[in-house]
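Worksheet for the structure shown next.
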Amino acid sequence: MHERDILIIGGGPSGLSTALHLARDFPQLTPRMLILEKARYPRPKLCAGGLVTDAEVILQQLGLDVSEVPHVDAERIYFDFEARGLNIRVPRRHALRVIRRDEFDAWLARKAESKGIEIKEGVTVKDIVPDQEGVTVKTDRGDFRAQVVVGADGSNGITRRCIFPNATVNTARVLEVLTPSKPSDPAPARRAGGAYFDFFPVRSKIAGYVWDFPTRVNGEVMRCWGIYDTNILAKEKRPQLKEPLAKEMSRFGFDINQYEIQGHPIRWFSPQNQMSLPRMLLVGDAAGADPFLGEGISIALGYGALAAREVGEAFERNEFSFNAYKPRVLKSALGQALIARWVVTHIVYVIRWKWFQILVWRIMKPVVVVVAWIFILNWGKRMPSTR
Ligand SMILES: Cc1cc2nc3c(=O)[nH]c(=O)nc-3n(C[C@H](O)[C@H](O)[C@H](O)COP(=O)(O)OP(=O)(O)OC[C@H]3O[C@@H](n4cnc5c(N)ncnc54)[C@H](O)[C@@H]3O)c2cc1C
């Protein structure tokens, strides 16, 4: 049996952020923690890779500069309904930075290792059994014993399934397709520097949108298309996602059938989500991503900051109930933004009338921008930066 005080299960943004914040704020714990990651970096992760400003703010607070990672910057974000709507530009900077997750996660993992954090790659966790004195983690490379376990293993993670087997899980369906940046047929091209969201699928009971981002794969500029459905409108007979995505792509001369379509769920945040047990807590998608857009990278980084503080203080007090973790998340700037997004999800996707969608996306631009700016974005700056 291997022993370590803190085990972090999963080396994605949430697990790595937890470890990096612990190493920064509680350096005495660095040699006492270990990340178990089932894959080996650079490992594939299905994701459009859109980084909002909050992600960059949290990385900066850790002393990290994400511009070291290959990226494409979108100058504007377009929020459309049926091809028309509002567009947003952030003064003096890009609106969205797009990275590839294999490169971003590998970069973050190497940064963690450079701070003395140990990562064991190629170790798959199979079972987790907490008891009063600690937690036993069973893996394909033997058993581990820890004082505290952080579940950072994503939307389908084993940690949540082991500790909350009967909990209600809210998951979104997501499809993604990569194409060259220009179609082979002459067709209207997207403006190169734009990231597009179109909410037209709401009319067909899909509680979400179709997206189209610029991206860079192995140095080549491409486009990443996808469709997101929160699944709150059609619980039983769920509409097909491929058809609306194909429709959007065909407007720009792309035939979806010529490309690989990949899918993955996103577990999203609801105020009811359970996030901790004595000696165990969840971060990132395991705790719940943004329900409105399925945005989860900045959110995962933010959970890491909160979980690190919770774990560090638990070791100082020698008290591991983690009763205060969920209230701490909900009270934080991240939690407030997640609650706001959960409320917006239940308004914007539930009121499916065409006139309402037109009102939101085309007519009420100043109101939408102010609400987004105050309640939905800009939470990163309001997170505790150092201890
Ligand atoms: C199609 C799609 C597009 C998306 N686009 C965006 C976007 O543009 N912008 C954005 O912000 N978010 C996006 N997201 C959401 C984002 O990808 C997630 O919210 C984010 O990856 C969550 O990070 P995490 O660290 O919680 O989990 P993950 O990134 O899933 O990391 C979990 C880690 O745990 C490891 N792991 C899993 N099980 C085990 C196990 N049993 N043992 C050991 N290790 C394990 C995995 O290998 C992985 O490395 C998208 C998601 C999807 C599906």
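The values are calculated or read from the model by the stated rules, or taken from the named source; none is laboratory data. Note that the structure is a prediction, hence the values are computed from the model and not measured. With ideal geometry, Cβ positions are generated from the backbone for all residues, glycine too; neighbour counts draw on all protein chains shown. These accessible areas exclude ligands, DNA and RNA; they are computed on the full protein's heavy atoms, side chains included. Shrake-Rupley method; radii C 1.70, N 1.55, O 1.52, S 1.80 Å.
Considering only DSSP beta bridges with both partners in the chain, what is the antiparallel share in %, to the nearest 5?
Just about 70 percent of them are antiparallel.
Sort 285-293, 8-16 by packing, meaning the average of other beta carbons within 10 Å per residue, with the highest value first.
For the peptides 285-293, 8-16, the packing ranking is 8-16, 285-293.
For the chain, what is the accessible area per residue in Å², given a 1.4 Å probe and the full set of protein chains?
42
Using the crude model of +1 on Lys and Arg Cβ and -1 on Asp and Glu Cβ, and no other charge, please compute the dipole size for the stretch 292-366 relative to its Cα centre, in debye to 20.
Details: 10 positive and 5 negative charges, 117 e Å.
The dipole magnitude comes to about 560 debye.
Taking only Cα atoms, what is the 0 to 90° angle, nearest 10, from helix 242-251's long axis to the longest principal axis of the chain?
Its long axis makes an angle of about 50 degrees.
In angstroms, what radius of gyration and Dmax does the stretch 84-126 have, counting Cα atoms only?
When restricted to the Cα atoms of the stretch 84-126, Rg and Dmax are 17.4, 50 Å.
Picking from Gln272, Ala207, Gly50, whose Cα lies most toward the positive end of the charge dipole for the chain (charges on Cβ: Lys, Arg +1; Asp, Glu -1)?
The residue sitting farthest along the positive end of the dipole is Ala207.
Only four residue types carry charge here, +1 at the Cβ of Lys and Arg and -1 at the Cβ of Asp and Glu. Report the dipole size of the chain about the Cα centre in Debye, rounded to the nearest 20.
Details: 54 positive and 42 negative charges, 202 e Å.
I would put it at about 960 debye.
Take the Cα of Lys331, step 7 Å along the line toward its Cβ, and report every residue of the stretch 343-386 whose backbone nitrogen sits under 15 Å from that point.
Residues 383-384 qualify, since their backbone N sits under 15 Å from the label point.
In whole percent, how big is the carbon plus sulfur part of the accessible area of the chain, probe 1.4 Å, protein atoms only?
52
If I model a spin label as a point 7 Å beyond the Cα along the Cα-Cβ vector, how far apart are those points for Gln258 and Lys115 in nm?
Here the answer is 4.5 nm between the modelled labels.
So how far, in whole Å, is the C-alpha centre of the stretch 225-300 from the one of the stretch 344-373?
After rounding, the separation between the Cα centres reads 20 Å.
Using a 7 Å offset from Cα along Cα-Cβ at Gln274, what residues in the stretch 301-344 end up with backbone N under 17 Å from the label point?
321-327
Between Lys237 and Arg203, how high is the FRET efficiency from 1/(1 + (r/R0)^6) when r is the Cβ-Cβ distance and R₀ = 22 Å? Nearest 0.05.
Calculated value: 0.85.
What FRET efficiency comes out for the pair Ala83/Ala167, r = Cβ-Cβ distance, R0 = 56 Å, nearest 0.05?
Details: r = 39 Å, r/R0 = 0.70.
Given R0 = 56 Å and the Cβ-Cβ separation, E is 0.90.
Give me the percent relative contact order of the stretch 86-217, please, defined on Cα pairs under 8 angstrom at least 6 residues apart.
Answer for the stretch 86-217 is 18 percent.
Would you please report the Å³ per residue occupied by the convex hull of the alpha carbon atoms in the stretch 1-85? Could the numbers behind the result be given before it?
Numbers: hull volume 12.7 nm³, N = 85.
That works out to 149 Å³ per residue.
Kirkwood hydrodynamic radius (Cα pairs, Å) of the chain?
21.3
Kindly rank 272-278, 226-232 from highest to lowest mean number of other beta carbons found within 10 Å of each residue.
Averaged packing, sorted descending, gives the order 226-232, 272-278.
Estimate the FRET efficiency between Asp5 and His346 by the formula 1/(1 + (r/R0)^6), using the beta-carbon distance for r and 45 Å for R0, to the nearest 0.05. Each step should come with its number before you reach the end.
Values: r = 40 Å, r/R0 = 0.90.
The formula returns an efficiency of 0.65 here.
What translational D, rounded to a whole number of µm²/s, comes out for the stretch 217-323 from Stokes-Einstein when the hydrodynamic radius is the Kirkwood one over Cα pairs, at 37 °C and 0.692 mPa s?
192
How long is the stretch 125-181 along each principal axis, judged by its Cα atoms, biggest number first, in Å?
54, 29, 16
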